[in-house]
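J.: Before I ask anything, let me first share the structure, which is written out below as structure tokens.
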Amino acid sequence: MPKTTTLTQLNQSHPLPQAVAVLGKNAHKAFVDFFTAQIRNANTRSAYFHNVSRFLNWI
């Protein structure tokens, strides 16, 4: 069975982008849920989450 990254693990390893954080709890859940539910590979999931977060913090 593949190792899954939980919402808590993603929050601890990568801070939530400010652009998502200001939108509230539902946006936070949807943002993290996309990465935990849609991307199966743990390394890809972490890399995408990190890079999308960096981009959103840049804009």
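Throughout, read-outs are computed from the coordinates displayed, never taken from laboratory work. Here the structure is a predicted model, which is why all the values come from computation and not from measurement. Backbone-built Cβ (ideal geometry, glycine too); neighbour counts: all protein chains shown.
J.: Just rank Val32, Val20, fewest to most, by other beta-carbon atoms within 10 angstrom. Please report the intermediate quantities before stating the final value.
T.: Working: Val32 21, Val20 17.
Lowest count first: Val20, Val32.
J.: Okay, moving on. Measure off 7 Å from each Cα along the Cα-to-Cβ vector at Ala42 and Lys25, then give the distance between these two points in nanometres to one decimal.
T.: 2.9
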